[in-house]
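These notes are about the structure you will find just below.
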Amino acid sequence: MAAPKMLLSTLAWDERFRVENAEDVMTPALLLYPDSVAANIGAIVRSLSGDASRWRAHVKTAKLAFTMRMLVERGVANFKCATTLELLVACESGSSDVLVAYPVVGANARRVREIAGAFPNVRVSILAENETQALQWRGSRVGIFLDINPGMDRTGVEQDRHSEIVALVQAIKNAGLDFRGLHYYDGHFGNFTELERNAAAHEGYKHLLAVVTAVEQSGAAVNEVITAGTPTFLASASFSGFRGQKFLHRTSPGTVVYNDATSLAQLPASLGLQPAVLVMTRVVSHPHAGRITCDAGHKSVSADAGLPTCVVAGHPGLTPLGPSEEHLPMAVADGAAAPNVGDILYLLPRHVCPTVNNFDVALIVRNNQVESSERVSARGRETPLVGREALVANAMRNT
């Protein structure tokens with residue numbers, strides 16, 4: 001039987017959400033609350049005993065150079081990313097160390113080399129799970145983390161294949177490449193209860209430590225071990241086996257910078273995390289009794305995580321239904337007042353990462369006012385060309 005999906009059922013209204021100059025805002029609009037971003041960064045650093053260097057933040061969520069700079073200003077300078085554009089923006093935003101946590105090959109690998117060469121003061125690393133992937137980095141300054149499969153079966157070397165892992169480490173070192181450590185993303189425990197998640201994650205980390213032991217016994221050093229995304233980051237941070245080791249352990253949640261209806265259900269309220277991104281939408285239709293429609297279809301609020309796509313702040317009587325490209329219908333509960341056409345609603349996405357990626361611009365909201373706008377600078381991808389063509393295309397994105 002499938003585990004139940006973790007999702008907030010309601011989001012209480014908070015007066016901080018309100019935009020007083022909303023008459024000037026076209027919808028749907030991405031709202032970013034920097035005071036809440038700062039509070040979330042502080043909460044995660046506190047959960048890591050105040051040591052910001054233990055957090056390798058995944059910027060697939062942050063997406064904005066604005067937010068990446070906020071992280072760097074608060075001591076979080078080690079990042080993880082998935083695309084070459086995220087790598088480029090992270091380097092431009094002051095990160096000192098970026099791991100491309102994706103098995104890049106072909107022209108994508110060439111582009112990573114170009115970016116690493118353009119930012120010699122940034123330590124750039126990639127993932128590899130086989131010798132072909134690893135050896136393509138000969139002659140570059142890019143370092144290598146081995147990607148270990150924790151049972152998620154998405155990427156990586158299976159965690160119990162010690163001899164294969166050791167042989168790959170030796171091949172990396174024999175090729176004169178920089179073996180930097182192990183990467184272990186246990187993202188398949190998100191729908192477990194907190195107790196079940198901690199137990200499953202900790203069992204996995206015992207297998208990971210066995211990998212570390214096998215590599216060290218072969219004569220190679222494991223300098224860094226990276227674990228966890230948002231669902232398991234507390235399990236990762238609390239695992240006693242990572243303490244007192246020769247390696248530096250970092251945890252790598254990303255969603256926690258903004259949060260969504262999933263992360264706020266997965267993580268304990270005691271952390272003090274806040275919604276830092278909402279989507280403003282307007283009611284555009286009353287197609288029949290008990291139904292309204294808003295202008296926040298799946299081209300704005302991502303539907304990749306299933307239905308409902310979001311939670312309506314302060315409106316427990318509204319249930320978002322299946323969206324189309326530009327329309328989001330909602331059921332109005334019996335006895336609940338239906339908002340009027342033109343009324344504004346504030347939506348907390350079920351999955352904030354691709355929702356942020358849907359927008360070109362975020363509106364920065366402070367003290368209930370839109371004070372500025374910021375480009376979602378790492379949304380989408382670079383122009384898919386490398387070499388001189390890429391230089392021209394990326395120069396144009398900054399004009």
Inspect region 74-96 for any residue being of a type in the set (Ser, Thr, Tyr), modelled with pLDDT of 95 or more and either on the phi > 0 side of the Ramachandran plot or surrounded by fewer than 16 Cβ atoms within 10 Å (Cβ to Cβ) (or both) and give the result as yes or no.
-> yes
Output for region 340-383, where each listed residue is open to solvent by less than 10 Å² (accessible area, probe 1.4 Å) and over 21 Å from the mean Cα position of the chain (by Cα) = Leu345, Val365
Taking region 188-221 and keeping only residues that are part of a helix (DSSP H, G or I), at pLDDT below 95 and not aliphatic (A, V, I, L, M), one is left with His188, Phe189, Glu194, Glu196, Arg197, Asn198
Mind checking whether some residue in region 27-38 is of a type in the set (Val, Ile, Thr), closer than 27 Å to Phe119 by Cα, in contact (Cβ under 8 Å) with a residue 60 or more places away in the chain and assigned to a loop (DSSP other than H, G, I, E, B)?
-> no
Before we move on, is Val166 crowded, with 20+ Cβ neighbours inside 10 Å and among the β-branched types (Val, Ile, Thr)?
-> no
Can you find a residue in region 181-203 that is open to solvent by 30 Å² or more (accessible area, probe 1.4 Å), polar (S, T, N, Q), out of contact with any helix residue (DSSP H, G or I) (no Cβ under 9 Å at 6 or more places or on another chain) and more than 25 Å from Gln136 (Cα to Cα)?
-> yes
Going through region 301-337 one residue at a time, which ones are touching a helix residue (DSSP H, G or I) at 6+ places or on another chain (Cβ under 7 Å) and open to solvent by less than 60 Å² (accessible area, probe 1.4 Å)?
-> Val301, Ser302, Ala313
Boolean, Asn223 is open to solvent by 20 Å² or more (accessible area, probe 1.4 Å) and touching a strand residue (DSSP E or B) at 6+ places or on another chain (Cβ under 6 Å) | yes
Kindly indicate which of Met70, Met152 is open to solvent by 40 Å² or more (accessible area, probe 1.4 Å), aliphatic (A, V, I, L, M) and touching a residue at least 12 places away in the same chain (Cβ under 8 Å).
-> Met152
Output the residues belonging to region 98-112 that are open to solvent by 10 Å² or more (accessible area, probe 1.4 Å) and either in contact with a Phe, Trp or Tyr (Cβ under 8 Å, 6 or more places away or on another chain) or of a type in the set (Phe, Trp, Tyr) (or both).
-> Ala101, Tyr102
Only unsatisfied item for Leu208, checking (1) touching a strand residue (DSSP E or B) at 6+ places or on another chain (Cβ under 7 Å); (2) open to solvent by 60 Å² or more (accessible area, probe 1.4 Å), is (2)
Note on Asp24: of the conditions (1) in contact with a strand residue (DSSP E or B) (Cβ under 7 Å, 6 or more places away or on another chain); (2) under 25 Å from Asn357 (Cβ atoms); (3) of a type outside the set (Lys, Arg), unmet is (1)
Limited to region 275-284, what total is found for residues that are open to solvent by less than 40 Å² (accessible area, probe 1.4 Å) and either of a type in the set (Val, Ile, Thr) or part of a strand (DSSP E or B) (or both)?
-> 6
Output the number of the condition that Thr293 fails; it satisfies all remaining conditions of (1) free of Cβ contacts under 8 Å to residues at least 40 places away in the same chain; (2) surrounded by fewer than 20 Cβ atoms within 10 Å (Cβ to Cβ).
-> (2)
Please verify whether region 250-270 includes one or more residues that are open to solvent by 10 Å² or more (accessible area, probe 1.4 Å) and more than 29 Å from Leu318 (Cβ to Cβ).
-> yes
Give just the number: which of (1) closer than 22 Å to Arg375 by Cα; (2) charged (D, E, K, R); (3) more than 20 Å from the chain's Cα centre (by Cα) does Arg141 not satisfy?
-> (1)
All positions within region 298-314 that are part of a loop (DSSP other than H, G, I, E, B) and in contact (Cβ under 8 Å) with a residue 40 or more places away in the chain = Lys299, Ser300, Val301, Ser302, Asp304, Ala305, Gly306, Pro308, Thr309, Gly314
All conditions in (1) more than 14 Å from the chain's Cα centre (by Cα); (2) at negative phi; (3) not basic (Lys, Arg) are true of Leu64 except (1)
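The values are calculated or read from the model by the stated rules, or taken from the named source; none is laboratory data. Since we're looking at a predicted model, the values are computed, not measured. Note: ideal-geometry Cβ built from the backbone for every residue, glycine included; neighbour counts use all protein chains shown. Accessible surface areas use protein heavy atoms only, side chains included; no ligands, DNA or RNA. Shrake-Rupley method; radii C 1.70, N 1.55, O 1.52, S 1.80 Å.
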